[in-house]
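Please treat every number below as a calculation from the coordinates, not as lab data. Owing to the predicted nature of the structure, the values given are computational and were not obtained by experimental measurement. Every residue, glycine among them, receives a Cβ derived from its backbone with ideal geometry; neighbour counts consider all protein chains shown.
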Amino acid sequence: MTAYAHTTFAHAADQHVAAATIDNADLAYLPNATHQLLVEQMASAPESERRVSIIVPAQAMARPGFAGLVVEAAVATEVDLDRLEFEIEEYDLHWCDDLEPTLCDLHELGARIAIDRFGTGLTSLSALAHLPIATIKIDESIVAQVTCDEDVANYARAMIDVARHLRIDVIALGATSSEQQAFFKGAGCMSFQDR
């Protein structure tokens with residue numbers, strides 16, 4: 001079982017992922033602010049097998065040259081690109097036309113792409129099959145209902161099954177109770193992340 005935690009510019013000592021957030025306020029300062037946030041976050045990552053997860057709004061990620069900034073930051077901090085994971089919110093996939101080249105560039109560099117809060121937006125199955133998505137994170141509103149609503153439980157099982165067939169990892173956001181964790185383990189999802 002893998003546990004994940006999100007912190008801002010720091011890693012939780014007993015967790016596997018250090019995370020940083022680039023928010024919309026930083027967009028006016030691209031590329032310098034983006035580069036600095038990446039450098040600060042990657043420099044704080046331990047030398048172990050832990051991944052660095054960077055949450056980026058679609059507007060920032062879709063800007064030309066974003067993948068180049070990632071390469072510069074990785075070189076400057078000596079962090080392997082395959083240890084990086086970029087998270088985008090599911091509702092940001094409506095930017096798909098603008099995001100696709102960057103997502104593909106990041107994937108080709110070895111970075112992973114995760115979709116956060118999955119299951120509450122309008123993402124089509126064809127987007128999951130078409131884009132280089134490595135991980136989906138099932139939204140906590142779905143996770144909260146799997147033990148009390150059979151329809152929601154079936155929906156969660158279907159998402160996990162589709163992801164497994166597409167070789168996409170699944171993380172259940174906010175699965176804190178033993179009942180929720182047992183449900184997700186039984187459905188084939190062994191990773192959880194606190195919110």
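Out of the range 141-195, which residues are small (G, A, S) and not in a helix (DSSP H, G or I)? Let's see the steps before the verdict.
Keep residues of the range 141-195 that are small (G, A, S), which gives 141, 144, 153, 156, 158, 163, 172, 174-175, 177-178, 182, 186-188, 191.
Answer for the range 141-195, where residues must be small (G, A, S) and not in a helix (DSSP H, G or I): A144, A172, G174, A175, S177, G188, S191.
Within the range 164-186, take every residue that is out of contact with any Gly (no Cβ under 9 Å at 6 or more places or on another chain) and either buried (at least 20 other Cβ atoms within 10 Å of the Cβ) or of a type in the set (V, I, T) (or both) and give me the one that is farthest from L125 (Cα to Cα).
Kept after step one, since they are out of contact with any Gly (no Cβ under 9 Å at 6 or more places or on another chain), are these residues of the range 164-186: 165-169, 171-179, 181-186.
Applying the additional criterion that residues be either buried (at least 20 other Cβ atoms within 10 Å of the Cβ) or of a type in the set (V, I, T) (or both) yields 168, 171-173, 175-176, 184.
On the way: I168: 12, I171: 17, A172: 19, L173: 20, A175: 24, T176: 28, F184: 21 Å.
The selected residue is T176.
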